[in-house]
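Beneath this line is the structure, given in structure tokens, with notes to follow.
The values are calculated or read from the model by the stated rules, or taken from the named source; none is laboratory data. Because the structure is a prediction, the values reported are computed rather than measured. Every residue, glycine as well, gets a Cβ built from its backbone with ideal geometry; the counts of neighbours run over all protein chains shown. What goes into the accessible areas is simple: the full protein's heavy atoms, side chains included, and nothing from ligands, DNA or RNA. Shrake-Rupley method; radii C 1.70, N 1.55, O 1.52, S 1.80 Å.
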Amino acid sequence: MASTRPMQHIEREDLYTNLEQRILYLHSFLDFSSRDIEALITGAKYVKALIPAIVNIVYKKLLQYDITARAFTTRSTSFEGPVDEVPDENSPQILHRKMFLRAYLAKLCSDPSKMEFWEYLDKVGMMHVGLGRRHPLHIEYVHLGACLGFIQDIMTEAILSHPRMHLSRKTALVKALNKVIWIQNDLMAKWHVRDGVEFEAVGGASDIEVEREGYLHGKKILGGSGSDEDDEANEEKQQQQRQQGEEGERAKNASGGVGAREASAPEGVCPFTGLGASSSSVAAPADRETKRGEEEAAAAGPVTA
């Protein structure tokens, strides 16, 4: 029996010339809806509590391979010449990058109902092909896709391992985050592939505005608000704070906690498994979680294959 649902028309040119239309198409195709937005906003507190450990795991992975590690020194994964210094987890550039990854992951759980959210994700893709930055950065797509997949895997297992969230809320949050990450993946690939090149605007890269990292249209998107002058004046102070934070984290690892589990967990085992009920910063009242989960499950009906 033929479907009664009318076929939607998608203007191909719009996918390559109009970011909003591209995002609307992806939302429609992935069934990204108000339920996903609600899951991201209400689940943000759980994800944010996990971000510091996730960031450390990601950078351990990036520093396992010379081709990704050298990008922190050469600013390019295609550079094959000699490298003077191999960074480690306590190198200034790594501490600086960790700060931005923490802010970026927190941004993923902000309000995606605003176009600004998706514009920034598109800018993240653009910044990795040497555009829109005062100091160009060139990261080949294979590494970007792998890193996003790794982040998705960590976050999925961490959320599903949470001891206090009801399964229905875990499922909703994982589904919503996965959709956002896959849209980010598309907005990474968009700047690497040559699809739609015939629609490329006259002027091309020369029309792209160069801004400080974490800014969009002159507005600070990551890490609060402030002017460029304020950022430059505080740069040394921020570096000292990051170093102190790393020292505190190492002390925490020595005494136990999430950081210690992260350091000691066997490869392939989620470091958040067994997160105790005493972790009040990420735990919601069990009765409220259970009641909400039962209501959601009743509304959704049985799951079928």
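Listed here are the pairs LYS48/LYS170; LYS60/LYS123; LYS123/LYS190; LYS98/LYS123; LYS123/LYS175; LYS107/LYS175; which of them are more than 20 Å apart at the Cα?
Details: LYS48/LYS170 15 Å; LYS60/LYS123 25 Å; LYS123/LYS190 11 Å; LYS98/LYS123 18 Å; LYS123/LYS175 23 Å; LYS107/LYS175 17 Å.
Distance filter (> 20 Å) returns LYS60/LYS123; LYS123/LYS175.
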Efficiency of FRET between SER28 and GLU89 - r from beta-carbon atoms, R0 35 angstrom, step 0.05: 0.25
Carbon plus sulfur fraction of accessible area for the stretch 1-111, probe 1.4 Å, in percent: 53 percent
Solvent accessible area, Å² - TYR141, 1.4 Å probe, full protein context: 80 Å²
Sequence of CYS147, CYS109 from largest to smallest accessible area, 1.4 Å probe: CYS147, CYS109
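Send over the semi-axes of the stretch 2-117's equivalent ellipsoid, whole angstrom and largest first, taken as the square roots of 5 times the C-alpha gyration tensor eigenvalues.
Working: eigenvalues 276, 92, 27 Å².
Semi-axes from the Cα gyration tensor: 37, 21, 12 Å.
Between LYS48 and GLN8, what's the calculated FRET efficiency when r is the beta-carbon distance and R0 is 25 Å? Round to 0.05. Mind showing how you got there, number by number?
Working: r = 36 Å, r/R0 = 1.44.
Step by step, r from the Cβ atoms, then E = 0.10.
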